[in-house]
Amino acid sequence: MNTISIDENRLSDISRFAETHERDIVRDIARLVRIPSVEGPAEPDAPFGIESKRALDCALQIAAELGLGTVNCENKIAYASVGEDRGQGYLATITHVDVVPAGDGWSEDPFTLREREGFLIGRGVMDDKGPSVLCLYALKYLKDSGIPLRYPVRALLGSNEETGMGDLEHYIANYPAPLFCFSPDADFPLIHGEKGIYHGRLISRHTPINVLEMTGGVAPNAVPAKASALVRAETLHSTDAVSAEPAEPGLWRLSAVGISGHASMPEGTVNAIGRIVDYVLENNIPAAEELPYFRFLQKLHAATDGSGLGLQSADDCFTPLTAVGGKISTEDGVFTQTIDCRYGISTSGERITALLREAAGDAAEILVDADNVPFYLTLDNPAIQACIESYNLITGENARPFTIGGGTYARHFPNAAAFGPEHPERPAPDFAGPIHGIDEAARLSDFIEALKIYIVALLRLEELDF
Ligand SMILES: [Zn+2]
């Protein structure tokens, strides 16, 4: 095998490469940002719409200009490559060139890259067009350096990450998986595990008598900021948490406001549906036949750690289980409450379903919509060590990998991790917006640093036995 020593000379060569290509990198990110690659209707040779396809073509064009090999996988996903493929397996990075819609409120055109005080601003600069360009330049370094590569490296470029992951599904089904893959589409330093993600529905079985309608939330994976109900009652009074307005004789409209947040990180949120459920029970609104369902809902909304339903669980790999009732709706007198659970390795989707059925008794039917098992690589995994050591070498930090409750591209591969390039811990000015938000921004110096990290990590990964 080759031994690629990462000595001082190598490091300064990598630094020089990253710094001398800074303006080329900005130019190439601007080319991708210019394409509003939001998913559109499928067209011939453009399964995720014409703009996503244009972004894929543009990324391959950049790769070709950098002297990399290019392969288009049926216009769903594509990759740039370096090194000779002799069937020995390959390493990969994976990013995506599709974006979420710009939304209103941008200071200037979201699809024209702007620079301000060391930041790049435009839709997709951070998620995930900037990182896509960084991966292409990392491969260019490998190529230009002339280092013999034990494993070829592919920079995979998805075009449907934001809306369904049809890009990756296609790749996994039709191409061999990489030996190891890292995904620059998340936070630094390194994410070595992602919780299991469970989505279910709790469907009422009773006939409504006094609680006629419940509505709230926008998505199963978000804590709802608003909820309302239509109930039958003589007199009701508003409280700090719930306002009660007469609707028509004998009927009241209840509404509540909560504090929204992502279901994977519910700390500090307040569930508006839970406020309505508490109010309804405190005011003895449900008839006897309705009580079991509302008591069941109250247990769900009582605590975001699932303890009201006996779901709580914790282990050494992940933060404790979370359980969030994100959305409730009423159709033909049937209430449907969603549940989103993020769980670690000491429970399972089957166990969550069993506990929900036990807690529900006859009050609700439990349907499971999705159950993605937790994804976890141990800290002593050599690829995990190669990545985190590269990060610490370049930044001078002593950071440790961490786990999250969300899902990234990484969980779809047998051996993968999400690896930067966001630094939520580094303060940013007010004009620099978040991913998916207005004025999405990325610090250019962080990108140049990230490029060095990715090059060092790929060189270290080249040295491993897989
Ligand atoms: Zn992304």
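Here are the numbers:
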read-out	value
Matching residues, the range 366-404, being buried (at least 21 other Cβ atoms within 10 Å of the Cβ) and among the aromatic types (Phe, Trp, Tyr)	Phe375, Tyr391
From the options Ser107, Ser52, Ser81, residue that is under 24 Å from the mean Cα position of the chain (by Cα) and of a type in the set (Ser, Thr, Tyr)	Ser52
Scope the range 148-170; condition buried (at least 24 other Cβ atoms within 10 Å of the Cβ) and more than 16 Å from the ligand (Cβ to nearest atom); matching residues	Val153, Arg154
Considering residues of the range 106-132 that are closer than 24 Å to Ser183 by Cα and basic (Lys, Arg) only, the residue farthest from the ligand (Cβ to nearest atom)	Arg123
Enumeration of residues in the range 352-365 that are surrounded by fewer than 24 Cβ atoms within 10 Å (Cβ to Cβ) and under 25 Å from the mean Cα position of the chain (by Cα)	Thr353
Pair list, Cβ under 6 Å, 6 or more apart: the range 96-111 residue in the same structural domain as Gly420 (by TED's automatic domain parsing), other residue within 16 Å of the ligand (Cβ to nearest atom) and of a type in the set (Lys, Arg)	Val97/Lys129; Val99/Arg123; Ala102/Arg123; Pro110/Arg123
Residues satisfying the stated conditions in the range 172-192, i.e. out of contact with any Gly (no Cβ under 8 Å at 6 or more places or on another chain) and surrounded by fewer than 24 Cβ atoms within 10 Å (Cβ to Cβ)	Ile172, Ala173, Asn174, Tyr175, Ala177
Filter result (touching a residue at least 12 places away in the same chain (Cβ under 8 Å), in a loop (DSSP other than H, G, I, E, B) and over 19 Å from the mean Cα position of the chain (by Cα)) within the range 326-339	Lys327, Gly333
Qualifying positions in the range 235-285 - touching a residue at least 40 places away in the same chain (Cβ under 8 Å) and within 23 Å of the chain's Cα centre (by Cα)	His262, Ala263, Ser264, Met265, Pro266, Thr269, Val270, Asn271
Enumerated strands (runs of 3 or more DSSP E) restricted to the range 173-213, each holding at least 1 residues that are more than 16 Å from the ligand (Cβ to nearest atom) and of a type in the set (Lys, Arg)	196-204
Count of the range 310-325 residues which are outside any loop (DSSP other than H, G, I, E, B) and touching a residue at least 40 places away in the same chain (Cβ under 8 Å)	2
Every residue from the range 17-59 that is β-branched (Val, Ile, Thr) and without any contact (Cβ under 8 Å) to a residue 24 or more places away in the chain	Thr20, Ile50
Complete set of residues in the range 435-449 that are within 12 Å of the ligand (Cβ to nearest atom) and either over 28 Å from Cys317 (Cα atoms) or surrounded by 20 or more Cβ atoms within 10 Å (Cβ to Cβ) (or both)	His436, Glu440
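Residue by residue, here is whether (1) outside any strand (DSSP E or B); (2) touching a residue at least 24 places away in the same chain (Cβ under 8 Å) holds:
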| residue | (1), (2) |
| --- | --- |
| Ile394 | yes, yes |
| Ala399 | yes, yes |
| Gly406 | yes, yes |
| Ala410 | yes, yes |
| Pro427 | yes, no |
| Ile435 | yes, yes |
| Ala441 | no, yes |
| Ser445 | yes, yes |
| Ala450 | yes, yes |
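The values are calculated or read from the model by the stated rules, or taken from the named source; none is laboratory data. Only a predicted model underlies this, so the values are computations on that prediction, with no experimental measurement involved. All Cβ positions, even for glycine, are placed from backbone atoms using ideal geometry, and neighbour counts span all protein chains on display.
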